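Values in this text are rule-based calculations from the coordinates and carry no lab data. Values in this document were obtained by computation on a predicted structure and should not be read as measured data. Positions of Cβ are generated from backbone atoms using ideal geometry, with glycine treated the same way; all protein chains shown enter the neighbour counts.
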Amino acid sequence: MRDAYYSPLVVQTAVDLANTLRPIKGEDALETVQQLRDFLDDHPAAEPPSSAANQGAGPRHLTRADLAEVRALRETVREVLERANTDPVEAAALINDGLRRSRATPVLRHEDDRWWTEVTSDTDRRSAHLAATTLSALASVIATLGPARLGVCAGPTCRATFVDLSRNGSKQYCTRTCSHRASVAAYRSRRSPR
Ligand SMILES: [Zn+2]
């Protein structure tokens, strides 16, 4: 029942947000308001609850200010993912500070005979809601599985972040592609003449 504490989709949203920046390649997939809109469309798990947020301007109305706020959040999320394993106390401080600033609020919900809790933001800011959901999901992973589940791909040219929700928790690479590339490189270096 550990899964009950976090939504894997929201955890993935946090990872995907951090990985919109590829530090080694210098690629940034979150430079425009349109790119932010696309990211949010692709990640409905980070959507504010329909009852509260669809009033007023609505979630589709995004501005340069939203973009700047989400880019700042991305820095925090990436730092948490990068540091949790080596400096969990600092990662926790970053999470707690981010939750406080987003005015994260736990809410109890009920639908179709099912009860569940989720964390949302006590504001109508899109970025604040994204901060509350992603940071609380990472907090839950740390609390249930441990900080070592957050990490950075061991691929020397990658540095993408990941969260390992697997049973054995031995993930080292962000994707199969990176893991395959590393084993091919290791094989070649064993075979190459010295
Ligand atoms: Zn990788």
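For the chain, modelled as a GNM whose springs connect Cα atoms under 10 angstrom apart, the maximal fluctuation among Ala84, Ala132, Ala182 occurs at Ala182. Extension gain for the segment Arg37 to Arg190, taken as residue separation times 0.36 nm less the Cα-Cα distance, is 50.4 nm to one decimal. Backbone phi angles across region 123-134, fed through the Karplus curve with coefficients 6.51, -1.76 and 1.60 (θ = phi - 60°), yield HN-Hα couplings of 9, 9, 7, 4, 5, 5, 5, 4, 5, 4, 6, 5 Hz in residue order; Gly and Pro are listed as x.
If you run the Gaussian network model on the chain, springs between alpha carbon atoms under 10 Å, then out of Asp66, Asp42, Asp112 the most flexible one is Asp112.
Charges were assigned to the Cβ only: +1 to each Lys and Arg, -1 to each Asp and Glu. The resulting dipole of the chain about its Cα centre is roughly 1160 debye. Each Lys and Arg Cβ is given +1 and each Asp and Glu Cβ -1; about its Cα centre, region 92-144 then shows a dipole of about 280 debye. Put a dot 7 Å past the Cα of Thr117, heading toward its Cβ, do the same for Ile24, and the two dots end up 4.0 nm apart.
Between the helical axis of 88-101 and the longest alpha-carbon principal axis of the chain there is an angle of about 30 degrees. Under a 5 Å amide H cut-off, with hydrogens placed 1.01 Å from N, His43 pairs with nothing among residues at least 5 apart or on other chains.
Annotation: cysteines of the chain without a disulfide-compatible partner (Cβ-Cβ under 4.7 angstrom) are Cys178. In the chain, a dipole from Cβ-located charges (positive for Lys and Arg, negative for Asp and Glu) runs towards its positive end, and of Cys174, Thr157, Leu40 it is Thr157 whose Cα lies farthest in that direction. Modelled spin labels at Lys171 and Thr144, positioned 7 Å past Cα toward Cβ, are 1.4 nm from each other. Where only DSSP H runs of four or more residues are counted, the chain gives -15500 deg cm²/dmol as its mean residue ellipticity at 222 nm, each run worth -39500 (n - 2.57).
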